[in-house]
1. Which of 76, 147, 154, 14 has the fewest other C-beta atoms within 10 Å, and how do the rest follow up to the most?
2. What is the gain in length, in nm to one decimal, between residue 24 and residue 101 on full extension, counting 0.36 nm per residue of separation less the C-alpha to C-alpha distance?
3. With the contact rule set at Cα under 8 Å and sequence spacing of 6 or more, what percent relative contact order holds for the range 17-158?
4. Share of Cα-Cα pairs in the range 17-158 beyond 19 Å, in percent?
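Bear in mind these aren't lab numbers, they're just calculated from the coordinates by the rules spelled out. What you see is a predicted model, and the numbers here were worked out from it, not measured in a lab. Glycine also receives a Cβ, built like all others from the backbone with ideal geometry; neighbour counts cover every protein chain displayed.
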């Protein structure tokens, strides 16, 4: 199941100050906290977003990368997700960097679905977050729904490596 909205803010659009501050605070967290916080955000937002079909072309673009991650041992799965968060120059990060925001949403939705079913190793759970990450998660919960969605979109859009960037 795919959850997205019609409004897809990206780095090209001006973010509200509260969203921008939360994004900057997110960037300062450890990669373990970032992955756990992203998971927590997804769990909180999943019920609030309108389900829409991902589209065959979008799913096709993500399937090769998703299945490559799914076939990795658990430690390599987590390392690949951390590489995406950190912008590490790796084949997975470069392929992800080619995706549009909607395709990145399709990618993370499927990955989170697999985490929920145990098909992919789940990221750190909210109970293991640092105090900084826990505070940020509480701050994010106080943002309105559109701001939370904008923040989630900004985070996933900034991941990976843009291989075609000059």
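1. Arranged by neighbour count, lowest to highest, 76, 147, 154, 14 become 14, 76, 147, 154.
2. On the way: separation 77, 0.36 × 77 = 27.72 nm, distance 1.92 nm.
Result for the pair: 25.8 nm of gain on full extension.
3. For the range 17-158, the relative contact order is 44 percent.
4. Result: 50 percent of Cα pairs exceed 19 Å.
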